[in-house]
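S.K.: Encoded as structure tokens, here's the structure I'll be asking about.
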Amino acid sequence: MALTTTRSIITYDGNGTQKVFTFPYTYLRAAHIRVTLIKANGDEVQLTPGTDFSVEPDGGPAGTVTLSTAPAVGEK
């Protein structure tokens, strides 16, 4: 099966409590998912897999990212 590489981005607004976020994109491995926290001041922080977030399942037509800390209000 061929998989076309595209850049797919979903942005969620932080509310200080939500830590689980879904995405509807096909991916082969959890290691292929990149998560970036955008601070209220616009600074971007690359989160570390296994420490800052986890992805389930390890590949499939869609997935779920679970953050270790919920993004604050004003963060994305």
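The values are calculated or read from the model by the stated rules, or taken from the named source; none is laboratory data. Since this is a predicted model, take the numbers as computed values, not measurements. We place every Cβ from the backbone using ideal geometry, glycine too, and count neighbours over all the protein chains shown. What goes into the accessible areas is simple: the full protein's heavy atoms, side chains included, and nothing from ligands, DNA or RNA. Shrake-Rupley method; radii C 1.70, N 1.55, O 1.52, S 1.80 Å.
S.K.: What does a probe at Arg29 reach in region 44-76, counting residues whose amide N is under 16 Å from the point 7 Å along Cα→Cβ?
M.R.: 49-50, 55-60
S.K.: Could you work out the relative contact order of the chain? I mean the mean sequence separation of Cα pairs under 8 Å and 6+ apart, divided by the number of residues, in percent.
M.R.: The value is 43 percent.
S.K.: Taking only protein heavy atoms and a 1.4 Å probe, what accessible area per residue, in Å², does the chain have with all protein chains in place?
M.R.: That works out to 70 Å² per residue.
S.K.: I've got another one for you. How big is region 11-76 on each of its three principal axes, counting only the C-alpha atoms and giving the largest first in Å?
M.R.: 33, 18, 18
S.K.: While we're here: Of all accessible surface on the chain at a 1.4 Å probe, what whole percent is carbon and sulfur?
M.R.: 53 percent
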